[in-house]
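The values are calculated or read from the model by the stated rules, or taken from the named source; none is laboratory data. It should be emphasised that the depicted structure is a prediction, and the values quoted were computed from it without experimental measurement. Cβ sites come from the backbone with ideal geometry, for glycine too, and all protein chains shown count toward neighbours.
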Amino acid sequence: MSLHRFVTPRSMALLVLISSLATILGAWFIELVLGIKPCHLCLIGRMPHYAGIAIALLAVFVTGRSSPSPSISRALLAVLTLVFLTGTAIAVYHSGVEFGVFQGPTDCTGAIEKPVAIQDFLKQLETVKVVRCDEVAMRIFGLSLASWNAVICAGLTLLAAIGMASKRA
């Protein structure tokens, strides 16, 4: 039995949908249950997943119809490919910021200004709650969450591209 017969635009869209949904649920678990707050770049890195979930859901619906339009199916999978290619670029950039390869956004990276007086310091503690983009908050099997997001987005890009190129309806 060949795996080729299971590679359809619908099966690839469904895999992308389930995988992206699992990624977002995992991110929410890490944030809400484990208490590890996301940085600014983490939140930006989630956007392709949110868009991808909506587009993949539409692709699953369109490809599941009794007479799906191949051009619409391919177009949706092409958009998914571009969405997750963008997600890969965002995650690679974020990983690069964490490892000091790239300079990150000034609102969540760089040197922390030292207050002149203790009163200034106490006021800073009350008002500023910055989660730094250039520090790794958590590693899983040696990779930061941003690095894992790069791997996941690259895989989702590949799945969407395979679905787009599939000759089967």
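If you check Leu41, Leu76, Leu80 for being in contact with a Cys (Cβ under 9 Å, 6 or more places away or on another chain) and either in contact (Cβ under 8 Å) with a residue 60 or more places away in the chain or surrounded by fewer than 17 Cβ atoms within 10 Å (Cβ to Cβ) (or both), only one passes: Leu41. Considering segment 95-130, and only residues there that are small (Gly, Ala, Ser), closer than 25 Å to Cys153 by Cα and surrounded by 12 or more Cβ atoms within 10 Å (Cβ to Cβ), the residue that is modelled with the lowest pLDDT turns out to be Gly104. Ala54 meets all of the listed conditions (1) closer than 25 Å to Ser144 by Cβ; (2) surrounded by fewer than 15 Cβ atoms within 10 Å (Cβ to Cβ) but one, namely (1). Looking at the structure I just gave you, is Thr23 in contact (Cβ under 8 Å) with a residue 40 or more places away in the chain, in contact with a Lys or Arg (Cβ under 8 Å, 6 or more places away or on another chain) and among the polar types (S, T, N, Q)? No, not satisfied. Test Val92 against the stated conditions and say whether it is over 20 Å from Ala56 (Cα atoms), modelled with pLDDT of 90 or more, assigned to a helix (DSSP H, G or I) and among the aliphatic types (A, V, I, L, M). Yes, satisfied.
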